[in-house]
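**Q** Below is the structure I would like to discuss, written out as structure tokens.
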Amino acid sequence: MLTAQQALDHLLSHANPVSDSESIPMQAALGRVLAENVNSLVDVPPLDNTSMDGYAVRTADIQSSGSILTIAQRIPAGSVGTQLEPGTVARIFTGAPVPPGADAVVMQEDCAMPEGSVDQVQVNITPAVGQWIRRRGEDLTAGKTALTAGTFLRPQELGVAASAGLTHLKVKRRVKVAAFFTGDELALPGEPLKPGGIYNSNRDTLLACLKSLGCDATDLGIVPDRLDATKAALRKASKDHDLIITSGGVSVGEEDHIKPAVSAEGRLDLWQIAIKPGKPLAFGAVRKSDEPKDGEAWFIGLPGNPVSSFVTFLLFVRPFILKLQGREEKPHQSYVMRADFDWLKADRRNEFLRVKLNTQGGLDLFPNQSSGVLTSASWGDGLVDCPPGQPIKKGDLVKYIPFDALLK
């Protein structure tokens, strides 16, 4: 069996970003991936401006604290002042351009009005040149790159694009993913359960994961445990999708048909990895038609146990999809943290344990680490990456991967 890193490297070596793109209004671009660099149309800010309410001054006029100067003009945001003459100040408000001749801003808390005066101000500090001034172009410069191709567009990136003067953005098309679920025991919530039946939790978990990544996800439902039905589902899924994801049927039992079905309809490149939970993970491709020119859809088969399915999606499917999307994505974040638990039954496989942050700054372990106990993932804040054959004792430092780093 391949190690987790070997399996991930193998998957990523096959993932080529989708090439199609479209120009869309910026308000529709949240969660999309930039297809090209975005250059600013303007300097941001367009002029030197103040970051504080106060007074624009000439520092040469204020040699000591307590200097009294004449208020010669008033500049609200959206207005432009005139040349600041020696011995005068300008009343100025946050965001307003600093008038020519001024080289600092004194915030109003450091000033006072002399008793009985309406057109003078007493400056109670000695200001430094450049104080409280935001310089023209200090955020963005006209013609320079504001956002790079491959950037995942969050609210803050849309704000940058707006400040750069953009109304539309060219983005990669959404990655198209088809998902189906095998198992005669499965039923949808709301349906009556037959003897031996269970509700299909993987459907909602995996479709939600796909949507959170910005995929165009197609739910092909539950497929009967028959080879012909599995092959037919693969053929249908391959037609208009970049990736096919299945859950269940990837082991070696007589009712597990994914492996022979994929081999018949395409090819299987990888099967089984040395992790727990999630050993039976399959990777390959399914032909879109009998014509080689029509290409293939990638295939990833996940285990049927709900925790195994969820964990393998986060560790393997997510980075594969990010690369298909063309995202400039760094490896998921991990942190060295203290284990406040014992895990002495070390496995020969790389284990991923569900844990929760505690108020003492350490990690607690969910008591039941079975791959069928999905509440462990709901209870937990993340995973401890436990190397093969390594027990954990209370107080040990461990590698912690928060779910927040794996669900975006």
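**Q** Using every alpha carbon pair in the stretch 101-170, what percent of pairs falls into each 10 Å bin from 0 up to the bin containing the largest distance?
**A** 15, 30, 18, 19, 14, 3, 0
**Q** Student exercise: in the stretch 228-303, how many lysine pairs 8 or more apart or on different chains have Cα atoms under 19 Å apart?
**A** The number of close lysine pairs in the stretch 228-303 is 10.
**Q** If you don't mind, another one. Compute the distance in nm between two label points, each set 7 Å from the Cα along the Cα-to-Cβ direction, one at R173 and one at A142.
**A** Result: 3.7 nm between the two label points.
**Q** Moving to a separate point now. How large is the convex hull of the Cα atoms of the stretch 263-338 per residue, expressed in Å³ as a whole number?
**A** Expressed per residue, the convex hull around the Cα atoms of the stretch 263-338 is 116 Å³.
**Q** Return the aspartates and glutamates within reach of K393: Cα separation strictly under 16 angstrom, same-chain partners fewer than 8 residues apart disregarded; answer none if there are no such residues.
**A** In chain and number order, the partners are D340, D342, D347, E351, D364, D385.
**Q** Please compute one quarter of the surface area of the Cα convex hull for the stretch 215-332 and express it in square nanometres.
**A** 7.7
**Q** Please give, to one decimal in nm, the separation of the simple spin-label points placed at R74 and M113, each 7 Å out from Cα toward the Cβ.
**A** 1.0
**Q** May I ask for the percentage of alpha-carbon pairs in the stretch 299-408 that lie more than 20 Å from each other?
**A** 41
**Q** Please compute the per residue accessible area over the chain with all protein chains in place, 1.4 Å probe, rounded to a whole number of Å².
**A** With all protein chains present, the chain gives 47 Å² per residue.
**Q** Could you calculate the FRET efficiency of Q333 with V42 from 1/(1 + (r/R0)^6), where r is the beta carbon distance between them and R0 is 41 Å, rounded to 0.05?
**A** 0.75
**Q** Return the equivalent ellipsoid semi-axes of the stretch 61-209 as a descending list in whole Å, where each equals the square root of 5 times an eigenvalue of the C-alpha gyration tensor.
**A** Sorted largest first and rounded, they come to 63, 21, 12 Å.
**Q** Give the residue list of GluC sites (Glu not before Pro) in the stretch 245-326 that are DSSP loop and have at most 10 other beta-carbon atoms within 10 angstrom.
**A** Those satisfying the criteria are E254.
**Q** Within the stretch 89-153, which GluC sites (Glu not before Pro) sit in a loop by DSSP and count at most 11 neighbouring Cβ atoms inside 10 Å?
**A** Loop-located and lightly packed - E115.
**Q** How compact is the chain by the rule of thumb for globular proteins, expressed as Cα Rg over 2.2 N^0.38 Å?
**A** In units of the 2.2 N^0.38 Å rule of thumb, it is 1.40.
**Q** Scaled to the compact-protein estimate 2.2 N^0.38 Å, what is the alpha-carbon radius of gyration of the stretch 138-296, rounded to two decimal places?
**A** That works out to 1.36 for the stretch 138-296.
**Q** Another one. First obtain the Kirkwood hydrodynamic radius of the stretch 121-224 from its Cα pairs, then insert it into the Stokes-Einstein equation at 4 °C and 1.567 mPa s, and state the resulting D in µm² per second as a whole number.
**A** Estimated diffusion coefficient is 67 µm²/s.
**Q** Continuing with the same structure: Pairwise over distinct Cα atoms, reciprocal of the mean inverse distance: report the Kirkwood radius of the stretch 1-142 in Å, one decimal place.
**A** Its Kirkwood hydrodynamic radius stands at 18.7 Å.
**Q** Along the charge dipole of the stretch 70-202, Cβ charges K/R +1 and D/E -1, which of V129, G101, T151 sits furthest on the positive end?
**A** Comparing the listed Cα positions along the dipole, T151 ranks first.
**Q** How would you rank 34-44, 366-376, 168-178, highest first, on the average number of other Cβ atoms within 10 Å across their residues?
**A** Final packing ranking: 168-178, 34-44, 366-376.
**Q** By per-residue mean of other Cβ atoms within 10 Å, what is the highest-first order of 200-209, 96-105?
**A** Going by the mean number of other Cβ atoms within 10 Å, highest first, we get 96-105, 200-209.
**Q** So for the stretch 264-408, taking the charge dipole from beta-carbon charges (+1 Lys/Arg, -1 Asp/Glu), which of A285, G326, A274 sits furthest toward the positive end?
**A** Checked the options; the winner is A274.
**Q** Determine which lysines satisfy two conditions relative to K330: a Cα distance under 21 Å, and not lying fewer than 8 residues away in the same chain.
**A** Partners found: K172, K211, K399, K408.
The values are calculated or read from the model by the stated rules, or taken from the named source; none is laboratory data. On a predicted model such as this, the values are computed, not experimentally measured, just so you know. Methodologically, a virtual Cβ is constructed for each residue, glycine included, from the backbone with ideal geometry; neighbour enumeration extends over all protein chains shown. Surface accessibility is based on the protein's heavy atoms, side chains included, excluding ligands, DNA and RNA. Shrake-Rupley method; radii C 1.70, N 1.55, O 1.52, S 1.80 Å.
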